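Working notes, structure below.
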2 protein chains.
Amino acid sequence: MTQDFSKDKPIYAQLVDRICGDVLKGYLKPGEKLPSVREYAIESGVNVNTVQRVYKELEAMEMTETKRGQGTFITTNEERIGQLREEMMTQLATQFLTMIDSLGFTKEEMIEVLKKGG
Amino acid sequence: MTQDFSKDKPIYAQLVDRICGDVLKGYLKPGEKLPSVREYAIESGVNVNTVQRVYKELEAMEMTETKRGQGTFITTNEERIGQLREEMMTQLATQFLTMIDSLGFTKEEMIEVLKKGG
DNA sequence: ATTAGTGTACTATGTCAATAGTACACTAAT
DNA sequence: ATTAGTGTACTATTGACATAGTACACTAAT
């Protein structure tokens, strides 16, 4: 099933984000097995190598553990998941603050807009 | 003067952001003339076409007015600048909210992090 | 030992965005 | 008409990304 991907970001990055989100939201539980690279490639309508890159990045950030011949699994280290959650939040916040500053907005007015939105 | 550009974003986009910020902050006044594409290219250590693209985008968003043979000027339409300010804020906010949602964070916890940071 | 299922590695190819180099076109002043 | 200064258009190059095909390596089950 070919899925819809945004053009402003590489597919592998979007898949990484999606899986990260599913883990942080609890949709994917610690220890749970992800689809094989081939399965996921077909599901998403992308190439095996693209999925491989996704799994590689996820493992590099210790969000998953890959066992050759067996598959790729969400890490059972729940503390690590918590760490990642913190790291990603502060990183997102920092980037956002830098961006709004360079565009001439203040943190306070931006927070107001955020409260109203979504 | 070769300047420092981030690698995670195209140079032209960074220059657009910078000029937008300078306008919104009031560092660049309505009617003020920007450097010529060649001047700016040399100053920034980039190619003429990169600057041209920057000026093109700025004109497309009606932040500047380009007069062939004369130069590129900040728009004298101050209302338009105010509009752009609003548009950019809501757009930034929307993108940010979408991003944090897809990564599994709530708006409220993110706002807390923002308040502490920066 | 064989098989099926898994991840991994390597090379080649195509596409597109970003950038660069160069030549052209318009405007104002002389 | 010429010149200097401006924006514009065209083509080429580079690199990142995605794809494709193929081969390899490990694991578990039989």
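The values are calculated or read from the model by the stated rules, or taken from the named source; none is laboratory data. Since this is a predicted model, take the numbers as computed values, not measurements. Ideal geometry is used to build each Cβ from the backbone, glycine not excepted, and the neighbour counts take in all protein chains shown. Calculation scope for accessible area: heavy atoms of the full protein, side chains included, ligands and nucleic acids excluded. Shrake-Rupley method; radii C 1.70, N 1.55, O 1.52, S 1.80 Å.
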Task: Residues of region B:45-64 with amide N under 17 Å of a point placed 7 Å along Cα→Cβ from B:Q91 - done: B:53-64
- [ ] Kindly provide the helix-only [θ] at 222 nm of chain B, computed as the sum of -39,500 (n - 2.57) over DSSP H runs of four or more divided by all residues, to the nearest 500 deg cm²/dmol?
- [x] -19500 deg cm²/dmol
- [ ] Would you kindly work out, in nm and rounded to one decimal, the distances from the label point of A:S36 to those of the same position in each other copy, ordered shortest first, with label points 7 Å along Cα-to-Cβ?
- [x] 6.5
Task: Probe 1.4 Å - accessible area at A:E87, Å² to nearest ten - done: 90
Task: Point-charge dipole on Cβ atoms (K/R +1, D/E -1) for chain A, about Cα centre, debye to 20 - done: 380
- [ ] Run through the other copies and list how far each one's label point is from that of A:F73, in nm with one decimal, shortest first; the point sits 7 Å from Cα along Cα-Cβ.
- [x] 6.9
Open item on the list: What figure, in Å² to the nearest 10, do you get for the accessible area of A:T98 with a 1.4 Å probe and non-protein molecules left out?
Closed with: 90
Open item on the list: Suppose every Lys and Arg Cβ carries +1 and every Asp and Glu Cβ carries -1, with no other charges. What dipole size does the protein assembly as shown come out with about its Cα centre, to the nearest 20 debye?
Closed with: 540
- [ ] Any of A:K115/B:K25; A:K7/B:K115; A:K33/B:K107; B:K56/B:K115; A:K9/B:K56 with alpha carbons more than 27 Å apart? Name them for me.
- [x] A:K7/B:K115; A:K33/B:K107; B:K56/B:K115
Task: At least 20 Å along the helix axis (C-alpha) and Kyte average at least -1.0, DSSP helices within chain A - done: A:11-25, A:78-102
Open item on the list: For a distance above 29 Å, tell me the whole-number percent of Cα pairs in the protein assembly as shown that qualify.
Closed with: 44
Open item on the list: I need the calculated FRET efficiency for the pair B:K115 and A:F5, taking r as the beta carbon distance and R₀ as 30 Å, to the nearest 0.05.
Closed with: 0.35
Open item on the list: What number comes out for accessible area per residue over the protein assembly as shown if the probe is 1.4 Å? Units Å², please.
Closed with: 60
Open item on the list: Positive end of the dipole of chain A, charges at C-beta (+1 Lys, Arg; -1 Asp, Glu), about the Cα centre: which of A:G26, A:I111, A:G69 has its Cα farthest in that direction?
Closed with: A:G69
TODO: Would you kindly find the accessible area of A:M88, with a 1.4 Å probe and non-protein molecules such as ligands, DNA and RNA excluded, rounding to the nearest 10 Å²?
DONE: 40
Open item on the list: 7 Å along Cα→Cβ for the label point: how many nanometres lie between A:E109 and each equivalent label in the other copies, listed shortest first?
Closed with: 3.0
Open item on the list: Run through region A:25-118 and list the chymotrypsin sites (Phe, Trp or Tyr not before Pro) located in a DSSP loop whose Cβ has at most 16 other Cβ atoms within 10 Å.
Closed with: A:Y27
- [ ] With a cut-off of at most 12 other beta carbons within 10 Å, and DSSP calling the residue loop, which trypsin sites (Lys or Arg not before Pro) in region A:1-94 qualify? Please list them.
- [x] A:K7, A:R68
Task: Principal axis box of region B:69-118, alpha-carbon based, largest edge first, Å - done: 51, 22, 19
- [ ] Using the Kirkwood radius over Cα pairs, work out the Stokes-Einstein diffusion coefficient for region A:12-118 at 25 °C and 0.890 mPa s, in µm²/s as a whole number.
- [x] 157
